[in-house]
Every structure is written in C-alpha cells, then in structure tokens.
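Please treat every number below as a calculation from the coordinates, not as lab data. Note that the coordinates shown come from a computational prediction; the quantities given were computed from them, not determined experimentally. Quick reminder, even Gly has a Cβ in these numbers, built from the backbone with ideal geometry, and neighbours come from all protein chains shown.
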Amino acid sequence: MKKPFMLAAVLLIGGAFAQAGNKPQSGTIISENSVACGSTVEKGKKNKQMTVELLCQEYVVRTVGTDYHIRQMKPTEKALIPVNTLIEFTLDKDKMKFKANGKSYEYLIVSEAAVAADATKP
C-alpha cells in the first residue's frame with residue numbers, strides 16, 4: 001500500500017522539477033556577429049570547383065546574470081534579428097527557443113558566461 005503512494009509522490013515531484021527547467025526567461029539581444037560555420041563546394045567559372053565559406057549569425061543574449069552566445073543551426077536561415085530586441089526564451093538542452101518580431105527561432109547555444117557586475121550598470 002505504501003509503495004504505490006510513494007511512487008505517485010515521486011512522479012509528481014519529478015514532473016514539477018522537469019517543467020521548472022523549461023520556464024520562460026527574458027533577455028535582450030545585445031550583439032550580432034557573422035561567424036564561419038562550414039563550407040560548401042560550388043562550380044565557378046569554366047566549371048572549376050570552388051570551396052565557399054558559409055557564414056552563420058551568432059548573437060549574444062543577455063539575461064540578468066548570464067550572457068548566452070547562440071548560433072544559427074543552418075546557414076541557410078537568412079533572417080537578421082535587430083540588436084536590442086527583447087525576447088522571451090526557453091532552454092532545451094543545448095538549444096534556445098524564442099520568438100522575435102512575430103517569428104519563432106531555434107538557435108544552438110555555443111557558450112555562456114556570467115555577466116560582469118559592471119556590465120549591468122547603465
């Protein structure tokens with residue numbers, strides 16, 4: 001009799017913790033940069049093959065205590081998100097999901113760092 005009750009309690013508490021990790025957070029995109037994220041082979045003049053460097057957008061999203069560096073998962077995505085855009089996001093493993101300007105985005109988190117104390121002062 002005690003085992004089913006204990007199992008139910010553990011499942012309820014575990015479910016609450018699982019949902020708490022995916023809570024929406026707010027942040028601001030503070031910078032954008034184009035970074036190399038691969039290469040492709042294309043035909044050039046006279047049918048010679050050329051290697052072309054692909055660029056991806058990398059953004060820094062600042063929250064109260066953390067800076068997240070996020071990058072496009074596919075270089076084919078061409079949308080630029082303006083700097084100083086406020087976003088509300090969720091974290092899912094190594095991905096950040098958010099909406100900006102009415103569009104949904106999913107970016108790869110490439111690094112994170114604590115915000116310096118003087119960086120949050122106006």
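Taking amide hydrogens as modeled 1.01 Å from N in the peptide plane, which residues meet the under 5 Å criterion relative to M73, leaving out close sequence neighbours?
L108
Let me know the charge dipole size of the stretch 24-119 about its Cα centre in debye, to the nearest 20, where only the beta-carbon of Lys, Arg (+1) and Asp, Glu (-1) is charged.
That gives the stretch 24-119 a dipole magnitude of about 680 debye.
Name the long-range amide H neighbours of T85: under 5 Å, sequence gap of 5 or more, or other chain; modelled H, no Pro or chain starts.
Long-range HN contacts for T85: I29.
Quick one: 3J(HN,Hα) in Hz for the stretch 37-49, Karplus 6.51/-1.76/1.60 with θ = phi - 60°, rounded, Gly and Pro as x.
Working through the residues one at a time gives 9, x, 8, 9, 9, 10, 7, x, 5, 6, 6, 7, 7 Hz.
Show me, for the stretch 80-86, the HN-Hα J-couplings you get by feeding each phi into the Karplus relation (A = 6.51, B = -1.76, C = 1.60, θ = phi - 60°), rounded to Hz, glycine and proline as x.
In residue order, the calculated couplings are 9, 9, x, 5, 6, 7, 7 Hz.
Give the residue from I30, Y105, T51 lying farthest towards the positive end of the charge dipole for the stretch 24-119; charges sit on Cβ (+1 for Lys and Arg, -1 for Asp and Glu) and the dipole is referred to the Cα centre.
About the Cα centre, the residue reaching furthest to the positive side is T51.
Scan around E112 for amide H atoms under 5 Å from its own, H built in the peptide plane at 1.01 Å from N, and keep only partners 5 or more places away or cross-chain.
Excluding prolines and chain starts, which carry no amide H, the hits are H69.
What's the local net charge at L86, with K and R +1, D and E -1, over the other residues with C-beta under 11 Å away?
+1
³J(HN,Hα) across the stretch 92-102 via Karplus (A = 6.51, B = -1.76, C = 1.60, θ = phi - 60°), whole Hz, x for Gly/Pro?
Per residue, the Karplus-derived 3J(HN,Hα) values read 9, 6, 9, 10, 10, 10, 7, 10, 8, 6, x Hz.
Starting from 0 in steps of 10 Å, tell me what percent of the Cα-Cα pairs of the stretch 24-119 lands in each bin.
Values per bin, smallest distances first: 15, 44, 23, 11, 6, 1.
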